[in-house]
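Nothing in this text is a laboratory measurement; each read-out follows from the coordinates by a stated rule. Quick caveat: nothing in here was measured; it's all calculated off a predicted structure. Heads up, the Cβs are rebuilt from the backbone with ideal geometry, glycines too, and the neighbour counts pull from every protein chain shown.
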Amino acid sequence: MPATDQISSLDTSPAGDIQDVTADSGRITMKALALLVLLLFASVTWAQEQPGVNCVPIQGQGWEGCAPIGNSQQQVPTSPDHWGAIASDSNTGALGTASNNTLGKGMAQLIAIAICQSKGGTKCKLDVTYHNKCAAIVVGQAAHITTTAETLNKAVDKAMKKCNSTDDSSCHVYYSDCSRPGWIK
């Protein structure tokens, strides 16, 4: 097709030009509006998840989140109970421990007994079962003392005090652990 034929086939009327520009502007305006709404939604969502924006950061072993400030209706993530158990065989001196077990009290007890038996214990018995606390074993010449408390230091201090009250000069911490991640030791 010759160049002159192409030119004559174009709509050069002022109304046609205005309609095309208006239609293109409408598409551009709708795209811009859609993009603006998307960015606004994304920024609001991002801001709600950021520490310091109506919440304070919290975290634990394998999780993190944001705790609400004041009267906010957001739910705070909770951590499951963590169980611990200590089993021993006084005849052989075998010891089995389980801590930070989230499968329940019974599972922590089974693990402690199984570990005690795997270390040569033939008459392993549970010394203590605890949850969301700390435990300590202090050993002296005559016996071992098992205690639990809210913190590791308190559990150790409590067991040492009991052992030292027997006038045993060889008291020492044999084992200590907590059954809850994030506890201050």
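Listing for the model above:
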item	result
Note, ³J(HN,Hα) from phi for the stretch 93-102, Karplus 6.51, -1.76, 1.60, rounded to Hz, x at Gly and Pro	x, 5, 9, x, 10, 9, 9, 6, 8, 9
9 Å beta-carbon shell around Ala87, net charge (K/R +1, D/E -1)	-1
Thr122-Lys161 pseudo-label distance in nm [points 7 Å out on the Cα-to-Cβ vector]	3.9 nm
Lys, Arg +1 and Asp, Glu -1 on Cβ, resulting dipole of the stretch 83-178 about Cα centre, debye, nearest 20	200 debye
Estimated FRET transfer efficiency (Trp63, Tyr174; beta-carbon r; R0 45 Å; 0.05)	0.90
Calculated FRET value between Asn91 and Ala114, using beta carbons and R₀ = 25 Å, to 0.05	0.90
